[in-house]
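Shown next, in C-alpha cells, is the structure this report addresses.
The values are calculated or read from the model by the stated rules, or taken from the named source; none is laboratory data. A quick note: this is a predicted structure, and the numbers were derived from the prediction, not measured. Quick reminder, even Gly has a Cβ in these numbers, built from the backbone with ideal geometry, and neighbours come from all protein chains shown.
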Amino acid sequence: MSTDTMKAIRLHEFGGPEVLRYEEAPLPELKPGEVLVRVHAVGINPPDWYLREGYKDLPPEWRPPVPFPVILGSDVSGVVEAVATDVQDFSVGDEVYGMVRFPSFGESAAYAEYVAAPASDLAIKPAGIDHVHAAGAPMAGLTAWQFLIELGHNEQNPLQPAMHRPMPLNGKTVLVNGAAGGVGHFAVQLAKWKGAHVIAVASGTHESFLSGLGADEFIDYTKSPPEDVAHDVDLVLDTLGGPTTGRFLRTLKRGGALFPVFLGFSDAEEAAKLGVTVSMTQVRSNGPQLVEFGRLLDAGTVRVAIDSTFPLTDARKAHERAAGGHIQGKIVLTVV
C-alpha cells in the first residue's frame, strides 16, 4: 500500500447526523493478533448513533470517554489486506466479515476504507452472500444468537445477579417484539430454526415480510397492543426494551422468560410474583459464533434483509434513515 491515509467517517463533536464528516484519516497500524481488512461494506447499528449523540441516554458515570476525532462503527465485510505475523487463521485475499472490538472502544473502527481487527472477531464471509448482506449480519445476528442460542462468553452483566442463559426453544412459543428490525428479523429465523412457534410483533406493513421469514403469527401493534393479544408465551425477546418492556409480563406463562435487549426494565417485583425470569446480556464480538451463523447464512436457512444502502460518503443520510424508524432488516454503507 502506497499511502498512510484513508477515507473515513469521523466525529469531531457530538450531535445529529450532520456532525458525520467524510475525510482523510490515518491508516490503522497492524498490531499482534490483528488482520487489516479492506472494507467493502459496513453495517450500521444503534450503538453508532448512541456514540454520535454522546451516549446522552446513559447515566453520566456510564459514558465512556471519547477521544476526538473518532471513527464510528463495528460491522464490516471485506477482504484481508495484511495479517500480523502471529495470525494463523487468515491469509491475504480472504473475504471476511465480523463485529470489530465490540463493546470496547477506539483504535480502529468500521466507517472507513480499512479496519485493523482482532483476528478473533472475524470469520470467513459466507460464500453464498455478498459483502452488503454480510456486513448487515454481525451485530444484529450475534445479538439474536447470544440471547437465544448460546451466550459465548463469561462476562457478568452488572445489572443482574446471574449470567444470562438462553432457554431451549424447541416446542416453545416465542414472541419477538420489533420483529422486522435488525435483531428481530434474525431472532424470528433463529427461533424457527430451533423449533419454536414464533409470534412476530411489528407494524402492519411488515406482515408479509415476517411471514416469509417463518413467523407463525403476526400482531400489528398499531391495531392491538401485543400484551392484550398474546397469552401463555414461553419467551418474549423484546428487541426494543426500555421502560415499557414490563408490559410483556402479562403475556408470559409462569416459568417463562422476558429478554429485553435494551435497558429500562423496572418491574422486578412483579416478575418475581409471576415466576418470570428477566435476563439481559451485552452482545460481544465472537468470530467462532460468526462461523456457525455463517453456515446458516450460506445454506439460506437464515437470510439478511437489507432495508437500504448508502455510499460511505452518505453516512449522514444513512443515519437519517435510521432515525426515521420502521426499518426492515439492516441499513448498510458501501465502500468503493
Please specify each residue of segment 302-327 satisfying the condition of being touching a residue at least 60 places away in the same chain (Cβ under 8 Å) and loosely packed, with under 14 Cβ neighbours inside 10 Å.
323, 326
Could you figure out which of (1) out of contact with any helix residue (DSSP H, G or I) (no Cβ under 7 Å at 6 or more places or on another chain); (2) of a type in the set (Gly, Ala, Ser); (3) not assigned by TED's automatic domain parsing to the domain that holds residue 181 isn't true of residue 272?
(3)
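Of these, 207, 113, which one is among the acidic types (Asp, Glu) and farther than 30 Å from residue 83 by Cβ? Walk me through it before giving the result.
Working: 113 fails: farther than 30 Å from residue 83 by Cβ.
So the residue among 207, 113 that is among the acidic types (Asp, Glu) and farther than 30 Å from residue 83 by Cβ is 207.
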What is the one condition in (1) closer than 22 Å to residue 330 by Cα; (2) touching a Leu at 6+ places or on another chain (Cβ under 8 Å) that residue 69 does not satisfy?
(1)
Can you find a residue that is of a type in the set (Ser, Thr, Tyr) and outside any loop (DSSP other than H, G, I, E, B) anywhere in segment 271-290?
yes
Tell me which residues, restricted to segment 246-276, are touching a residue at least 60 places away in the same chain (Cβ under 8 Å) and hydroxyl-bearing (Ser, Thr, Tyr).
251
So residue 18 passes all but one of these: (1) in contact (Cβ under 8 Å) with a residue 60 or more places away in the chain; (2) within 26 Å of residue 143 (Cα to Cα). Which condition number does it fail?
(2)
Find all pairs meeting these conditions: Cβ atoms under 8 angstrom apart; at least six residues apart or on different chains; first residue within segment 199-216 and more than 20 Å from residue 228 (Cα to Cα) and outside the structural domain of residue 248 (by TED's automatic domain parsing); second residue surrounded by 24 or more Cβ atoms within 10 Å (Cβ to Cβ) and among the basic types (Lys, Arg).
none
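Residues of segment 15-46 being of a type in the set (A, V, I, L, M, F, W, C) and either assigned by TED's automatic domain parsing to the domain that holds residue 239 or in contact with a Lys or Arg (Cβ under 9 Å, 6 or more places away or on another chain) (or both), which ones? Steps first, answer last, please.
Our first condition is that a residue be of a type in the set (A, V, I, L, M, F, W, C); within segment 15-46, this holds for 19-20, 25, 27, 30, 35-37, 39, 41-42, 44.
Listed by number, the residues that qualify are 19, 20, 25, 44.
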Tell me, which residue of segment 1-51 that is modelled with pLDDT of 95 or more and among the polar types (S, T, N, Q) is farthest from residue 129 (Cα to Cα)?
5
Looking at (1) outside the structural domain of residue 24 (by TED's automatic domain parsing); (2) in contact (Cβ under 8 Å) with a residue 24 or more places away in the chain; (3) surrounded by 14 or more Cβ atoms within 10 Å (Cβ to Cβ), find the lone condition where residue 288 falls short.
(3)
Please state which of the following conditions residue 282 fails to meet, knowing it meets all the rest: (1) modelled with pLDDT of 95 or more; (2) under 23 Å from residue 186 (Cα atoms).
(1)
May I ask you to verify whether residue 332 is under 25 Å from residue 172 (Cβ atoms), touching a residue at least 24 places away in the same chain (Cβ under 8 Å) and surrounded by 22 or more Cβ atoms within 10 Å (Cβ to Cβ)?
no
